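Below: one structure, written as structure tokens.
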Amino acid sequence: MNARHIQGSIVALITPFHPDGSVNFEKLGELIDFHLANQTDAILILGTTGESSTMTHEEDDAVCAYTVERVAGRVPVIAGSGSNCTETMVEKSLSFERLGVDGLLLITPYYNKTNEEGMYLHFKTVADAVHIPCILYNVPGRTGCSISENVVRRLSVHPNIVGIKEASGSLSYATKIARYLSDDFLMYSGNDDIVLPMMALGSSGVISVAANILPREIHDMVWNYLCGDRAAALETQLRYLDVINGLFLEVNPVPVKEALNLMGMEVGGYRLPLTTMSEGPRAALREAMEKAGVLA
């Protein structure tokens, strides 16, 4: 499946766990089927929302292999292979490529950070090593560092780098890097609350947390915008805005897993240091979901 030129809603899929903390592959299969039935355009596994930071390399490989087999080429499968160690990111990327994923999501080097040339080489080294498309991931609120406009410009022409997930929340930054978009280098909103403003700047869709609970709605919103029905797209963005904000009342993916459990999806809990959502934010999330009709 071609992971270049993806448009629409790419779900940043949660990783379901059993009560003992192990990966619940049966539930993962149910979630994949749920998204395929609701027109999700691509599936991202092992991202921030998938709790990749607490997964072992063996679990990463198992989730990749299972997802590729379950999806069976119906939509692109993208895997988060990021690390703050470039060598580790290369190793994970090559492993995921062998397991059959269609694309990779590559994060900035959190914690140790780097200078501008190091940032460029961090991504270029991986893109040079693999033969599948790579999407850059800019999320300075998580990593403490950002991809400069100049580094985006340099990487945008690399044949294996096909886009950027822009999750800084800064429309000013997004406007600056929008000048480097092309048919071969796309931008995806990494923030569910500003999907339409990002699309006005040229974004091709969203890599979405909210799509975990609203797969059809997020898909329809993006495609309504792409097809010219901006009024319908805006109505959806605003209708679910309180729910989207509720999904970030505590650190992601705690609220979205709570929301799925409230919906009866039984996706399990979290791995430390993540833990159960506090009662106040949980009540606020539930109220927003009820008002929006997500919960009966």
> What translational diffusion coefficient, in µm²/s and rounded to a whole number, does the Stokes-Einstein relation yield for segment 114-159 at 25 °C and a viscosity of 0.890 mPa s, taking the hydrodynamic radius as the Kirkwood radius over Cα pairs?
Replying inline: 220
> When the helix-only estimate is applied to the chain (DSSP H runs of n ≥ 4, each -39,500 (n - 2.57), divided by the residue count), what is the mean residue ellipticity at 222 nm, nearest 500 deg cm²/dmol?
Replying inline: -13000 deg cm²/dmol
>> Restricting to DSSP loop positions (anything but H, G, I, E, B) with no more than 13 other Cβ atoms inside 10 Å of their own Cβ, which trypsin sites (Lys or Arg not before Pro) remain in segment 147-210?
In response: ARG179
>> At R0 = 30 Å, how high is the FRET efficiency between TYR110 and ARG216 if r is their beta carbon distance? Nearest 0.05 is fine.
In response: 0.35
> Considering only the other residues whose Cβ falls under 12 Å of the Cβ of THR86, what net charge follows from Lys and Arg at +1 and Asp and Glu at -1?
Replying inline: -1
>> Taking 0.36 nm per residue of sequence separation and subtracting the Cα-Cα distance, how much length would be gained by fully extending the chain between ALA65 and THR276, in nm to one decimal?
In response: 73.1 nm
>> If the elastic network links every pair of Cα atoms under 10 Å, which of ALA211, ALA174, ALA284 fluctuates the most in the Gaussian network model of the chain?
In response: ALA284
> Of all DSSP beta bridges in segment 1-141, what percent run antiparallel (nearest 5)?
Replying inline: 5
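Treating only the Cβ of Lys, Arg, Asp and Glu as charged (+1, +1, -1, -1), what charge dipole size does segment 172-264 show about its Cα centre? Round to the nearest 20 debye. Please list the in-between numbers first.
Values: 6 positive and 11 negative charges, 36 e Å.
Result for segment 172-264 is approximately 180 debye, rounded to the nearest 20.
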> If we restrict to alpha carbons, what Rg and Dmax does segment 170-229 come to, in Å?
Replying inline: 11.4, 33
>> Heavy atoms of the protein only, probe of 1.4 Å, neighbouring chains included. What is the accessible area of VAL23 in Å², nearest 10?
In response: 10
> With r defined as the distance between the Cβ atoms of GLU117 and ARG4 and R0 fixed at 22 Å, what FRET efficiency is calculated, to the nearest 0.05?
Replying inline: 0.25
> Across every pair of different alpha-carbon atoms, what Kirkwood hydrodynamic radius in Å does the chain reach?
Replying inline: 19.0
> For segment 11-96, what is the per residue volume of the convex hull drawn over the alpha-carbon atoms, in cubic angstrom?
Replying inline: 87
> When the distances between all Cα atoms of segment 1-150 are binned every 5 Å from zero, what whole-number percent does each bin get?
Replying inline: 2, 10, 20, 22, 20, 15, 8, 3, 1, 0
> Considering the dipole of the chain built from charges on the beta carbon (Lys and Arg +1, Asp and Glu -1) around the Cα centre, which of LEU201, ALA42, ALA167 is farthest to its positive end?
Replying inline: LEU201
> How big is the accessible area of TYR225 in square angstrom, nearest 10, if you roll a 1.4 angstrom probe over the protein chains?
Replying inline: 30
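Please state the charge dipole magnitude for segment 85-217, taken about the Cα centre, from unit charges on C-beta atoms (+1 on K and R, -1 on D and E), reported in debye and rounded to the nearest 20. Intermediate results must be reported in sequence, preceding the final value.
Details: 11 positive and 14 negative charges, 33 e Å.
Using only the charged Cβ atoms, the result is roughly 160 debye.
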>> Test of understanding: what is the full-extension gain from ARG98 to ARG74, defined as 0.36 nm times their sequence separation minus their Cα-Cα distance?
In response: 6.8 nm
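Can you give the local net charge around SER278? Use residues other than it whose beta-carbon is closer than 13 angstrom to its beta-carbon, Lys and Arg +1, Asp and Glu -1.
Numbers: positive: ARG282, ARG286; negative: GLU250, GLU258, GLU279.
Summing Lys and Arg as +1 and Asp and Glu as -1 gives -1.
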> Separation of segment 269-296 and segment 85-162 by C-alpha centroid, Å?
Replying inline: 33
> For segment 1-64 and segment 218-248, what is the separation of their C-alpha centers, rounded to whole Å?
Replying inline: 22
>> Suppose the chain between GLU149 and LEU234 were pulled fully straight at 0.36 nm per residue; how much longer would it get relative to their current alpha carbon spacing?
In response: 27.7 nm
>> List the pairs from LYS165/LYS257; LYS124/LYS165; LYS92/LYS124; LYS113/LYS176 whose alpha-carbon separation is above 20 Å, in the order I gave them.
In response: LYS165/LYS257; LYS113/LYS176
> Rounded to the nearest 20 Debye, what is the dipole magnitude of the chain about its Cα centre when Lys and Arg each give +1 and Asp and Glu each give -1 at the C-beta?
Replying inline: 620
> Using the C-alpha gyration tensor of segment 174-296, what are the square roots of 5 times its eigenvalues, in whole angstrom, with the largest one first?
Replying inline: 28, 17, 11
>> Around THR54, under 12 Å between beta carbons, what's the net of Lys plus Arg minus Asp minus Glu among the other residues?
In response: -2
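The values are calculated or read from the model by the stated rules, or taken from the named source; none is laboratory data. Bear in mind that the values here come from a model prediction, so they are computed numbers and not experimental data. Every residue, glycine as well, gets a Cβ built from its backbone with ideal geometry; the counts of neighbours run over all protein chains shown. Side chains included, ligands, DNA and RNA excluded: accessible areas come from the protein's heavy atoms. Shrake-Rupley method; radii C 1.70, N 1.55, O 1.52, S 1.80 Å.
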